[in-house]
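Okay, so here's the structure we're looking at.
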2 protein chains.
Amino acid sequence: MKELIKNRINNLRLVMQKKGLDSYLIYGTDPHLSEYLPTHWQTRPYISGFTGSAGMVIVSHKKAALWTDSRYFLQAEEQLAGTGIELVKMRTPGFPEPAEWLKMNLEKGATVGTDEWCISVSQFRQLQSNLGQSGINLVESGDLLNEMWTDRPSLPDSAIYEHELRYSCTDRQEKINTICNELEKSGANLQIITALDDLAWTFNLRGTDVEYNPVFMAYASISREKTILFVEERKLQQELKSKLESEGIQLMAYNNLANYLRQLPKNTRILIDPDRTNQAIRGNIPDRCVVVESLSIPCKLKAIKTDAEIKNIRQAMLKDGVAMVEFLFWLENNLSEIRVTEYTIAEKLTEFRSKQPDYKGISFFPIVGYKEHGAIVHFHVSEENALPIEKDGFLLFDSGGQYSDGTTDITRTVALSELSTRQKTDFTLILKGMISLTLAKFPVNTRGYHLDILARKDLWQHGMNYGHGTGHGVGYFLNVHEGPMAIRQEFNDRAIEADMVLSNEPAFYRLGEYGLRTENMMVCLKDESTEFGDFLRFDTLTLCPIDTNAIDKSMLNSEEINWLNNYHQRVFEELEPLVDEELKGFLKEQTRAI
Amino acid sequence: MKELIKNRINNLRLVMQKKGLDSYLIYGTDPHLSEYLPTHWQTRPYISGFTGSAGMVIVSHKKAALWTDSRYFLQAEEQLAGTGIELVKMRTPGFPEPAEWLKMNLEKGATVGTDEWCISVSQFRQLQSNLGQSGINLVESGDLLNEMWTDRPSLPDSAIYEHELRYSCTDRQEKINTICNELEKSGANLQIITALDDLAWTFNLRGTDVEYNPVFMAYASISREKTILFVEERKLQQELKSKLESEGIQLMAYNNLANYLRQLPKNTRILIDPDRTNQAIRGNIPDRCVVVESLSIPCKLKAIKTDAEIKNIRQAMLKDGVAMVEFLFWLENNLSEIRVTEYTIAEKLTEFRSKQPDYKGISFFPIVGYKEHGAIVHFHVSEENALPIEKDGFLLFDSGGQYSDGTTDITRTVALSELSTRQKTDFTLILKGMISLTLAKFPVNTRGYHLDILARKDLWQHGMNYGHGTGHGVGYFLNVHEGPMAIRQEFNDRAIEADMVLSNEPAFYRLGEYGLRTENMMVCLKDESTEFGDFLRFDTLTLCPIDTNAIDKSMLNSEEINWLNNYHQRVFEELEPLVDEELKGFLKEQTRAI
């Protein structure tokens, strides 16, 4: 593998030389700026061998470097060893940002290329301006890997299917109409939809082009006059195709978008989300059109779940809760009996979910971390690297399901033996953080970066912290990571609004020892309105016991104990009618008050 | 007064017409973008009659409007009544931003003027770009008021004096040297210092050109080659002038800055803080120079107090604490005996401070709010509007002193009678917020907008809030409001760093009833460093009892009670040796444990 990577980098350098490029930058995404990628677009693992879900690669003629975040430092170190690619730790003192690295390694007048289809307008603009200050040119070079990647997988070709109205809850014509209304408010009259989840949501269509996210490769152009879906027609069965056409939706080939953009008439006012649109699309808009930069409208709309969607999500949570309780019961009964590894756990979590009605798949590959593997934040377990589980210490599992009526994401960490005082302290501190965020009440316009400290402050008091965000949006039978809002320290100017669905997942990692994370999904609800503001609060959606054996009760105040006991009572009451007779006692035990 | 204002606005319209302007915008600051202004620069009260400390005015040919924030809504409503100027409430739903207002009231092609000396580079740039999108031009029109304000006060002329080294603690040559080192790190080689407190700090000089802030009108140019102070020479006595010149500091006339800038040679790399530099300075920098936009270096440096400064500030706090206790004792003994009004309180607060050694003045005009006046956030008491104080309800007083060894800012709210349950609840909620922020421990790089919620969350839980920030930086024998950092909801990318001095002042206002605010000053200190980060914490500087009669003890947890009792014990131990015999018993009583 190391030699293969070295060869690929050498081949890339030959292509770079031919094109007159001093460096080539791989953002490692696709033209839709997706998180999960079809193999065709897995350019980062192809060129570097690094398989983490985030990172970028820069290759110059003398050096090559990969940037990734703290979740992947360990994994990247292992996978890059011997390839000649240096690991650059993101947001870590002493490590340069990509632009700084380029300035350090290139002369004035140098040219850096990147594939304009796989970088956002914002990223391109920022990097171009930054490098420009040092006389380095960033150019749209197209996809250099195409010229060397001989066995490159073709674009995915899976069938598109409808997200039936009884699940999607809102007719696509109504959604398109709402988008057009919002466009007018923004001063635009047309939006190019590029994010695959925005697209799936707008059209009530789903696909299987990538793992875990039920999306399909396409673009759309939405305006009051015309709705165009740019998609390979072979992905649509005749019936669906006719249905879409009968609704006035015009179909065009996926790769026809650039041509379409270039012929747009004067006075077209195109809404472009600079963070969610690739630079090539921006570049193909003719000068005669007006560009209005704003948040993607379906991105904004789909984050606010409808009452019908929230009702369905609560159904999905019941199913997911039953699957989780079945899993916990299986774990308790089998741990001493049969050989159980981290990989078995991942399989079992999937198996129990798959028995639930409306199950459509898992929402991401389960993260199962026993003991020291738990401290590798996004540990990717395989049959080869899986640790066998013994009755000792902590086991962390982060998993989720795709159901037609909702997407789930839950993490529990369980104690497999008596714990030390320190272990209980650690576990209780993150539980306190999760409860504190859950109980937050806050005025409208509050941002996620205002709330994030609630999950961290108890850890901070002990000189502890975790290196990732606290909460992300969750799609509705869509991507498990959904914007535009988040609960994290980083600046993000989107307020937390009523009917948004978010995760709440404080964590703590002791490197080489164990990892702890407790994650519930929550929905934001309207609370009281007073003369001092309109207030919001959270309601927990996830229904699954939290391991009370790992708690140091003396560290909880009465409010926290009440929350936990009420939560467990609710979990019991909601799941008890749905589980088999033999599980009822187990559930009762797992949800007993402390 | 109403007719006078109407006349002035009509006169301004005549000047606007002559200059071909459709609107004229008055930011209401001076060329140094100061908060406290010499009368010469009090353009906002001149044109509008509104005397609050924040706000801007736009006059068009048909309309006129004044923007101010929630602290001043009541005051502005009263003062604008009958003038024809509409009040536009800032950050309030339904009220337009100034740019929106201009777009609503002007045609495409219209021209808006503003005095380029009294608007920051950022404000000018942002407004120009915003208006430009609607085809409205923002132009540098100079100061239109000059042509109509016949009895305009001249520029202040007060003497400049040295902040002696035993107080300033760091030699000005050392400060200038540090500024030059920092300039090089920023890629610049020259900074124009424009903010008056930056200037006073850099040169260890002080003045009395404005009320409350011990600053003087000047600019400076700092580079490795040359230090130039642009100041009217008559403000410097011969001895000080000779001393500065002997140290190699060149003196130039105050109004010579623009000429100086225009002759700067090629390759000069000028650091400009776009938020702290006026547009005229930017406009006078020749194209042959390079502009590096960055935070003002003395602004950054002076916010981090030296150990010697912090030691002195603690001395100033002892003096301020003694003055406050003397005041509280006087209040207790005189309230039933003599006529006491809000104005008497303001005078007494000043009188007790003035008896302390190294007293240089008050750091702002005391805000004294009895009963409903307490709910007017920045109530400006006068002999005319002062309420007489009775033994009933709440009395709020926010005051501070300037001492050679530090600037103070403290608010206390005291109960003058038995309180209702609701009054005690309100008081205790803001106390909880203040304690929560005081006890925060947080990693480096934490911003003020991360911490702000700690002061608010208990209020939020009750559907309550306050409409201003929680903490501001405080100068060292300088401005009581000092940047660049703050603790508030608004985005401000400056981290809270060790050795910064900040206020902590959660509050709550019941309109028409009372206002509550409890304010201590704190210094940020290094706490432990762990593998999870380098942590910081706060240490309280202010030494003055908090009224325990207003507290509902049942609402405090043991951590909060401990903090309060420890704080009071410290207040007693530190102040007891410094107060007169007859006050010792009073202090003991005021600081008794709850």
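The values are calculated or read from the model by the stated rules, or taken from the named source; none is laboratory data. Bear in mind that the values here come from a model prediction, so they are computed numbers and not experimental data. Positions of Cβ are generated from backbone atoms using ideal geometry, with glycine treated the same way; all protein chains shown enter the neighbour counts. Just the protein is used for accessible areas: all its heavy atoms, side chains included, with ligands, DNA and RNA removed. Shrake-Rupley method; radii C 1.70, N 1.55, O 1.52, S 1.80 Å.
If you wrap the protein assembly as shown in the convex hull of its Cα atoms and look at it from every side, the mean projected area works out to 48.8 nm².
Taking a ≥ b ≥ c as the square roots of the eigenvalues of the alpha carbon gyration tensor, region A:130-230 is oblate, as a/c is not under 1.5 and a/b does not beat b/c. With an a/c value of 1.5 or above and a/b larger than b/c for the gyration tensor axes a ≥ b ≥ c computed over the alpha-carbon atoms, region A:352-397 is described as prolate.
The lysines whose alpha-carbon is closer than 18 Å to the alpha-carbon of A:Lys424, local same-chain residues fewer than 8 away aside, are A:Lys371, A:Lys391, A:Lys432, A:Lys457, A:Lys553.
Would you list which lysines come within 27 Å of B:Lys226, measuring only between C-alpha atoms, while excluding same-chain residues fewer than 8 positions from it? Partners found: B:Lys175, B:Lys185, B:Lys235, B:Lys241, B:Lys243, B:Lys266, B:Lys300, B:Lys302, B:Lys305. Please report the carbon-and-sulfur percent of the accessible area for the protein assembly as shown; probe 1.4 Å, protein heavy atoms only, DNA, RNA and ligands left out. Of the solvent-accessible surface of the protein assembly as shown, carbon and sulfur hold 46 percent. Per residue, the protein assembly as shown reaches -10500 deg cm²/dmol at 222 nm when only DSSP H runs of four or more residues are counted, each adding -39500 (n - 2.57).
The angle between the Cα long axis of helix B:121-132 and the longest principal axis of the Cα atoms of chain B comes to about 70 degrees, rounded to the nearest 10.
In percent, how large is the relative contact order of region B:219-330, given Cα pairs closer than 8 Å and 6 or more residues apart? Relative contact order comes out at 18 percent. Rounded, prolate or oblate, given the Cα gyration tensor of region B:230-313, with a/c below 1.5 counting as rounded? Oblate is the answer for region B:230-313, as a/c is 1.5 or above yet b/c matches or exceeds a/b.
Annotation for B:Glu164, label-to-label distances across the other copies: 8.9 nm (shortest first, one decimal, point 7 Å from Cα along Cα→Cβ). For region A:490-594, the per residue solvent-accessible surface stands at 42 Å², with DNA, RNA and ligands left out and a 1.4 Å probe. The string of couplings for region B:439-454 from the Karplus curve (6.51, -1.76, 1.60, θ = phi - 60°) is 8, 4, 10, 8, x, 4, 6, 5, 9, x, 6, 6, 7, 3, 4, 4 Hz, one whole number per residue in order, with x for Gly and Pro.
Take region A:354-410 with all the other protein chains still there, run a 1.4 Å probe, and you get 33 Å² of accessible area per residue.
Just to confirm the filter: which chymotrypsin sites (Phe, Trp or Tyr not before Pro) across region B:443-506 are DSSP coil and have at most 16 other Cβ within 10 angstrom of their Cβ? Counting only loop positions with at most 16 other Cβ atoms within 10 Å, the chymotrypsin sites (Phe, Trp or Tyr not before Pro) in region B:443-506 are B:Phe491. Peptides A:510-520, B:104-114 ranked from most to least packed give A:510-520, B:104-114, packing being the mean of other C-beta atoms within 10 angstrom over each peptide's residues.
In sequence order, region B:456-469 has phi-based couplings of 9, 4, 5, 5, 4, 4, 9, x, 10, 6, 9, x, 9, x Hz under the Karplus curve 6.51 cos²θ - 1.76 cosθ + 1.60, θ = phi - 60°, and Gly or Pro positions carry x. Among the GluC sites (Glu not before Pro) within region B:218-271, those in coil by DSSP and having at most 10 neighbouring Cβ atoms inside 10 Å are B:Glu225. Shielding of peptide B:523-533 by partners, expressed as the average count of other chain Cβ atoms within 10 Å per residue Cβ, is 3.
For the peptide A:461-467, the mean number of other protein chain Cβ atoms found within 10 angstrom of a residue's Cβ is 6.
Leaving ligands and nucleic acids aside, the A/B contact buries around 2300 square angstrom of accessible area in total at a 1.4 Å probe radius. Less than 5 angstrom separates the built amide H of B:Glu528 from those of B:Phe535, all sequence-distant by 5 or more or on a different chain.
Averaged over the residues of peptide B:442-450, the number of Cβ atoms from other protein chains lying within 10 Å of each residue's Cβ is 4. In percent, rounded to a whole number, the relative contact order of chain B is 11, using alpha-carbon pairs under 8 Å and six or more apart.
Mean sequence separation of contacting Cα pairs (under 8 Å, at least six apart), scaled by the length of region B:447-563, corresponds to a relative contact order of 19 percent.
A label point on B:His61, set 7 Å along the Cα-to-Cβ line, lies at 6.5 nm from each of its counterparts in the other copies, closest listed first. What the phi angles of region B:497-511 give under the Karplus curve with 6.51, -1.76 and 1.60, with θ = phi - 60°, is a coupling list of 10, 4, 6, 7, 10, 9, 8, 9, 9, x, 8, 7, 10, 9, 3 Hz, glycine and proline written as x.
When each of the peptides A:394-404, B:319-329 is scored by the mean number of other C-beta atoms lying within 10 Å of its residues, the order from highest to lowest reads A:394-404, B:319-329. For the set A:Asp157, B:Asp198, A:Asp151, A:Asp287, solvent exposure ranked by accessible area (probe 1.4 Å, protein chains only) runs largest to smallest as A:Asp287, A:Asp151, A:Asp157, B:Asp198.
Each copy carries A:Gly467; placing its label point 7 Å along the C-beta direction from Cα gives inter-copy distances of 4.5 nm, listed from smallest up. Seen from every direction in turn and averaged, the convex hull around the alpha carbons of chain A projects onto 28.2 nm².
For region A:237-272, the set of trypsin sites (Lys or Arg not before Pro) satisfying both a DSSP loop assignment and a count of at most 12 other C-beta atoms within 10 Å is given as A:Lys266.
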